[in-house]
Every structure is written in structure tokens, then in C-alpha cells.
Amino acid sequence: MVAEGLSDAEARRRFWIVDVNGLLVDARTDLTPEQRVYARSADEVAGFPRTHRGAVGLADVIHGIEATALIGLSTAAGAFTEAIVRDMAGKTPRPVIFPLSNPTARAEARPEDLIRWTDGRALVATGSPCPPAVLGGRAWIISQCNNVFIFPAVGLGVAAAGARRVSDGMLLAAARRLAELSPALTDSAASLLPPLGELRSVAVEVACAVAEAAVREGLAPAASAGELRTGVVARQWFPAYDEKP
């Protein structure tokens, strides 16, 4: 968000974080320094309903704001209820909902429910492998959010460019390139992430983006995009073994 022009403070205000004790609010005394930078002002949420413990819960946060993305890292099974999801889906045309908690029994929602509650409009990814979600005879492919699409390719790009270190800009370039390869961009029922069968070709594209970012930032020797791509392809490992005599 900062790379797109927001200040740090403006970017942080796009996040509403709810933990086991409710919304992060600056009046709470149990927040860590890392949590406190995302805490909302008590005055800002003065009109929000409270739970019996005096906290602002997830349902009331979603009802009170224009949420576009809902990410679950809670291991609280079923935390994304039908009422919460339908409320969110009524305010954004393409809700992004990621129940990422593992194992599947601890996930915040089932993908098939999310697809049904949003009439197929939700962009869903999970922390564990899931079968396609079927609605009206159509199957929605559910991606497993996994770092296999990013981290090996980052290392490949660093090696190809001869980068001295890995920067935030290089990781951002990797994420943006992977996003550009999302099948969901052209098919609403397609998966968020490319199929595993394309992992090698995706790795090349992500690695090239990382290498080019390293050169732009002066963290690697000067090289053209073509030279970097040649280096990436040359360094990509192939599991080929000599046959025994």
C-alpha cells in the first residue's frame, strides 16, 4: 500500500485486526508493541456494539466497516459465519476470504459455504488442500495458499542476479508477478494461484521479477532483463539422474 502512494499511517488504517479478545483498540492494556501500531482509537469505535466482555467482535467490525478482504489466522473453527460473510458480500462485489488456519478442522470457514454464501463471488484460498467447491453444477477451484510459489523462486532470482541481499522491494516484485499470473483474473471460478503443474514456469517468471528488482535497487550488478532470464533458466535445477549401468 505504501508502494502505491499511502503513508505508513494511512496503510495501517486499512487494517482492522481482531484477536481472541476482540478488536485491537488503543484502550486495551494487553497489546504488544507490534499490535499497538494497528490498534483503532477507542473514540473511533465508540458506537460499535460490545460483547458481554466489553470487546468489539468480528461480526460488528464487518458490519461497521466496508471490508473487502477477510483473512483468518485464528484456528477458531467457524469464525467466519454465514451472517458475517453475507454482510461483507453485500458491500463489495468480489470479497476476498482466506480461512488459512490449519488443520482443516480449525479453519474459519469451509470453502463450499463461502462460495454458496457469496453466490460464487468470493475469491477463496485456504491453508490446507481442499476439493473444488460446487455451486449450481459449476466447480470453483480452491487454491492452497503456500509459499512454494514464492520462496524457491526468490532464491533462484537472487542467485541469478548475484544480489547482495533480499529487500522488501524484491519480495514485493515477486508477489506482484505471481498475482499477474493468477488464473482468477480471467475466470471467476478459476483458482487464485496457478496449478502446481506450472510451478517450474511460474518460478522462472517470479525469479526474473526478483532479479530485475535487485538490479533496479542497486543490489546486484547491472544486467538486462534478457541476461537475467538466461541466468535464471540456467540455474534452475532439474531432477535428472544418471541411470545405473
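What follows is calculated from the coordinates using simple rules that are stated; it is not laboratory data. Predicted model only: the values in this text are computed from it and were never measured. Glycine also receives a Cβ, built like all others from the backbone with ideal geometry; neighbour counts cover every protein chain displayed.
Data overview
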item	result
Charge dipole (the chain, unit charges on Cβ, about Cα centre) - positive-most of L171, F238, A220	F238
Over 21 Å [Cα-Cα, the chain], rounded percent	66 percent
5 angstrom amide H check on G72, placed H, neighbours 5+ away	F98, L100
Computed Rg/Rh of segment 72-136, alpha carbon atoms with Kirkwood Rh	0.94
Magnitude of the charge dipole, segment 146-235, Cβ model with Lys/Arg +1 and Asp/Glu -1, debye to 20	280 debye
P(r) histogram, all alpha-carbon pairs of segment 1-123 included - 5 Å bins from 0, percent	2, 11, 19, 21, 21, 16, 9, 2, 0
Antiparallel bridge percentage (DSSP; both residues within segment 62-191; nearest 5)	25 percent
Between segment 162-230 and segment 60-114, the Cα center-to-center distance that results, in Å	29 Å
Per-residue Cβ neighbour rank within 10 angstrom, fewest leading, D187, D19	D187, D19
Point-charge dipole on Cβ atoms (K/R +1, D/E -1) for the chain, about Cα centre, debye to 20	160 debye
Segment 16-86 - Debye-derived log10 I(q)/I(0), Cα point model, q = 0.14, 0.18 Å⁻¹	-0.42, -0.71
Cβ-based exposure ranking for C145, C208, in which fewest neighbours within 10 Å come first	C145, C208
Cα-based radius of gyration of segment 146-235 once divided by 2.2 N^0.38 Å, which approximates compact folds	1.06
Residue exposure sequence - D113, D242, D119 - by fewest surrounding Cβ within 10 Å	D242, D119, D113
Counting DSSP beta bridges with both ends in the chain, the antiparallel % (nearest 5)	35 percent
Karplus (6.51, -1.76, 1.60) ³J(HN,Hα), θ = phi - 60°, over segment 174-188, in Hz, Gly and Pro reported as x	5, 5, 5, 5, 4, 4, 5, 9, 5, x, 5, 5, 10, 9, 5
Angstrom value of the Kirkwood radius, inverse mean 1/r, which spans all Cα pairs in segment 87-212	15.6 Å
